[in-house]
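Accompanying notes for the structure given below.
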Amino acid sequence: MKKANHWLKFFLELPYKATFRPPLVYLRGPYFKAGYLRRKFALLASVRKQGGQVHRTIEIRGPKSFLQYIDIGRECVIERDCFFWIAAEEAGSNPQLSIGKGVYIGRNCYLGAFQPVSIGRDTLIGAYSYIISANHKFDDPNKLVKEQGYVGAPIIIGSDVWIGCHVVILPGVTIGDGAIIAAGAVVTKSVPSYEIWGGVPAKRLGARSE
């Protein structure tokens, strides 16, 4: 019944949509995205064979060869609406996205690999978190920031780390095994193993042994 209602709504809205878009525009998009979709679903199938799951809504921006820059371990779960940026086409980049066995990534997370990003096994990443190994250059005030390219450094996240929702992790950060990052934190420097950090910018709040 729901499927029938979907198609009924589509055909009812078609005359309205056609007043804003040229004919066949609904076919043009899928046609030009066919190669991308084929590669994306190949990645999803590969993860599924290893006992994991990547939601089909994932979006990956980068070169056509993006599959060679992504390594997802066994039994990983990546929730809906996540976004991976593989910056292989940017000057000075060295992208590699490595996700260890048993990692969980919540919905709407952004992972940007300008320099290598490594996530250790059994780590949990809360929804709406942002992990990126690049920053915009801004040295030249006579030039638009968006035209100055990027600078970055690798991000290393250890095993059994718990990263709360809405966390931002910036270039050059290493988070040790077993660390906990509180929700809403902005991590600008490295976190030792088994410590608890939070705040903006993040600072030490305690340790798991305390």
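Any chance you could list P(r) for region 117-162, counting all Cα-Cα pairs in 5 angstrom bins from zero, rounded to whole %?
6, 19, 18, 18, 12, 11, 9, 7, 2, 0
Sorted by average packing, counted as other Cβ atoms within 10 angstrom per residue and highest first, what order do 121-130, 143-152, 70-79 take?
With the highest mean Cβ count within 10 Å placed first, the list reads 121-130, 70-79, 143-152.
For region 63-130, what mean projected area does the convex hull of the alpha carbons give, in nm²?
Across all orientations, region 63-130 yields a mean hull projection of 4.2 nm².
If packing is taken as the mean number of other Cβ atoms within 10 Å per residue, what is the order of 164-174, 52-62, 198-208, highest first?
Going by the mean number of other Cβ atoms within 10 Å, highest first, we get 164-174, 52-62, 198-208.
Can you give me the relative contact order of region 73-127 as a percent, contacts being Cα pairs under 8 Å and 6 or more apart?
40
So which of Lys101/Lys203; Lys40/Lys64; Lys40/Lys146; Lys137/Lys203 end up more than 21 Å apart by C-alpha? Show your work: numbers first, answer last.
Numbers: Lys101/Lys203 28 Å; Lys40/Lys64 10 Å; Lys40/Lys146 28 Å; Lys137/Lys203 26 Å.
From Lys101/Lys203; Lys40/Lys64; Lys40/Lys146; Lys137/Lys203, over 21 Å: Lys101/Lys203; Lys40/Lys146; Lys137/Lys203.
Please work out the C-alpha center-to-center distance from region 66-138 to region 152-210 and express it in whole Å.
Taking the Cα centre of each part, region 66-138 and region 152-210 sit 16 Å apart.
Quick one: which residues, 5+ away or cross-chain, put their amide H under 5 Å from the amide H of Tyr130? H built at 1.01 Å from N.
Amide H neighbours of Tyr130: Tyr110, Val167, Val168, Ile169.
If you roll a 1.4 angstrom probe over the protein chains with everything in place, what fraction of the accessible area of region 58-132 belongs to carbon and sulfur, to the nearest %?
After summing per-atom areas, the C and S share lands at 43 percent.
For region 112-169, what is the relative contact order in percent, using Cα pairs closer than 8 Å and at least 6 residues apart in sequence?
Across region 112-169, relative contact order equals 52 percent.
Residues of region 116-206: accessible area per residue at 1.4 Å, in Å²?
Normalised by residue count, the accessible surface of region 116-206 is 50 Å².
Tell me, what is the Rg over Rh of region 51-210, with Rh the Kirkwood radius over Cα pairs? Let's see the in-between values first.
Numbers: Rg = 15.5 Å, Rh = 15.8 Å.
Value, to two decimals: 0.98.
Over the Cα atoms of region 155-210, what radius of gyration and what Dmax do you get, in Å?
Reported Rg and Dmax, both Å: 9.6, 29.
The values are calculated or read from the model by the stated rules, or taken from the named source; none is laboratory data. Since the model is a prediction, treat every value here as computed from it, not as a measurement. As a convention, Cβ positions derive from the backbone with ideal geometry for all residues, glycine included, and neighbour counts pool all protein chains shown. When the accessible area is computed, the model is the full protein with side chains, heavy atoms only, and any ligands, DNA or RNA have been set aside. Shrake-Rupley method; radii C 1.70, N 1.55, O 1.52, S 1.80 Å.
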